[in-house]
């Protein structure tokens, strides 16, 4: 069975500091991996995705993530946090073939301090 | 371009009342459609998905049902709401050639 674990339900960083949000997954088949962002009372917006190929993927708003099969991880990073990055972030995994059937992590709320 | 619409944005309903949430997709044909629920302080859970008209798969047993009367319309319903049905409901779609799901803006349901 697939599962996703996001380490840390709340992460706080200073503006300009490195953002690191951790995600580990469990899957018996090659996974598709996603990071979504959610602003208050809004839907989810895709930040980036890994399907096949290059393991370092770049997304919108300066975010990137690296798929590490040996560590079953897909951590999200951004070199320099901006106030507008404050939101909730979800890591998700799906079986290839039905990319709308997602297993989500519990989410990480990112706070950015001035 | 494709767009997804969900309504209403917020809803307050008494316990025992019926529910109908609607989701429509524009700009694509034969999408896969999904209903997710986000309970307070928790992640998102897939409730239903549909690969075609009249085809509904339920992922978890619950007090809710879903229907797909038209290709790009997905409805979430309940005959009698429970307090535990409160949450943020998100509709999403994906296509056979897409590698991600696209989400609507969500409906905040409060059962009182």
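The values are calculated or read from the model by the stated rules, or taken from the named source; none is laboratory data. Nothing here was measured: the structure is a model prediction, and the numbers come from that model. As a convention, Cβ positions derive from the backbone with ideal geometry for all residues, glycine included, and neighbour counts pool all protein chains shown.
Evaluate the range B:72-90: report whether one residue or more is at pLDDT 95 or above and out of contact with any strand residue (DSSP E or B) (no Cβ under 7 Å at 6 or more places or on another chain).
yes
Across the range B:38-48, which residue is nearest to residue A:91 (Cα to Cα) among those that are in a strand (DSSP E or B) and within 11 Å of another protein chain (Cβ to nearest Cβ)?
Going residue by residue through the range B:38-48, those that are in a strand (DSSP E or B) are B:38, B:44-48.
Pick out the ones that are also within 11 Å of another protein chain (Cβ to nearest Cβ) and you get B:38, B:44-46, B:48.
Numbers: B:38: 14, B:44: 10, B:45: 13, B:46: 14, B:48: 20 Å.
Applying the filter and picking the extreme gives B:44.
I'd like the residue in the range B:49-68 that is within 11 Å of another protein chain (Cβ to nearest Cβ) and either at pLDDT 95 or above or more than 26 Å from residue A:9 (Cα to Cα) (or both) and, out of all such residues, is nearest to the chain's Cα centre (by Cα).
First pass over the range B:49-68, keeping only residues within 11 Å of another protein chain (Cβ to nearest Cβ): B:49-51, B:57, B:59.
Filter once more, keeping what is either at pLDDT 95 or above or more than 26 Å from residue A:9 (Cα to Cα) (or both): B:49-51, B:57.
Numbers: B:49: 9, B:50: 11, B:51: 14, B:57: 12 Å.
Going through the qualifying residues, I end up with B:49.
Of all residues being over 21 Å from residue A:101 (Cα atoms) and out of contact with any helix residue (DSSP H, G or I) (no Cβ under 7 Å at 6 or more places or on another chain) in the range B:86-112, which is nearest to the other protein chains (Cβ to nearest Cβ)? Just the residue, please. Quick ask: steps written out before the conclusion?
Let us first name the residues in the range B:86-112 that are over 21 Å from residue A:101 (Cα atoms), namely B:86, B:108-112.
If we keep only those that are out of contact with any helix residue (DSSP H, G or I) (no Cβ under 7 Å at 6 or more places or on another chain) as well, we get B:86, B:108, B:110, B:112.
Values: B:86: 14, B:108: 6, B:110: 12, B:112: 18 Å.
Per the criteria, the residue is B:108.
When you look at residue A:94, is it surrounded by fewer than 20 Cβ atoms within 10 Å (Cβ to Cβ) and either in contact with a helix residue (DSSP H, G or I) (Cβ under 7 Å, 6 or more places away or on another chain) or touching a residue at least 12 places away in the same chain (Cβ under 8 Å) (or both), yes or no?
Here the answer is no, as residue A:94 does not meet what is asked.
Counting only residues that are at the interface with another protein chain (Cβ under 10 Å from one of its Cβ atoms) and within 23 Å of residue B:105 (Cβ to Cβ), give me the strands (runs of 3 or more DSSP E) lying completely in the range A:32-91 with at least 1 of them.
On the way: elements: A:44-50, A:56-58, A:64-68, A:73-78.
Strands (runs of 3 or more DSSP E) meeting the threshold: A:44-50.
Take residue A:105 and tell me if it is within 12 Å of another protein chain (Cβ to nearest Cβ), without any contact (Cβ under 8 Å) to a residue 12 or more places away in the chain and within 27 Å of residue B:58 (Cβ to Cβ).
Values: within 12 Å of another protein chain (Cβ to nearest Cβ): yes; without any contact (Cβ under 8 Å) to a residue 12 or more places away in the chain: no; within 27 Å of residue B:58 (Cβ to Cβ): yes.
For residue A:105, the condition - within 12 Å of another protein chain (Cβ to nearest Cβ), without any contact (Cβ under 8 Å) to a residue 12 or more places away in the chain and within 27 Å of residue B:58 (Cβ to Cβ) - is not met.
Taking the range B:13-31 on its own, how many of its residues are at pLDDT below 95 and surrounded by 20 or more Cβ atoms within 10 Å (Cβ to Cβ)?
Within the range B:13-31, residues that are at pLDDT below 95 and surrounded by 20 or more Cβ atoms within 10 Å (Cβ to Cβ) number 1.
Within the range A:50-68, which residues are in contact (Cβ under 8 Å) with a residue 24 or more places away in the chain, surrounded by 15 or more Cβ atoms within 10 Å (Cβ to Cβ) and within 17 Å of residue A:21 (Cβ to Cβ)? Reasoning before the result, please.
Of the range A:50-68, the ones in contact (Cβ under 8 Å) with a residue 24 or more places away in the chain are A:50-51, A:59, A:61, A:63, A:65, A:67.
Pick out the ones that are also surrounded by 15 or more Cβ atoms within 10 Å (Cβ to Cβ) and you get A:50-51, A:59, A:63, A:65, A:67.
Hits for the range A:50-68 are A:50, A:59, A:63, A:65, A:67.
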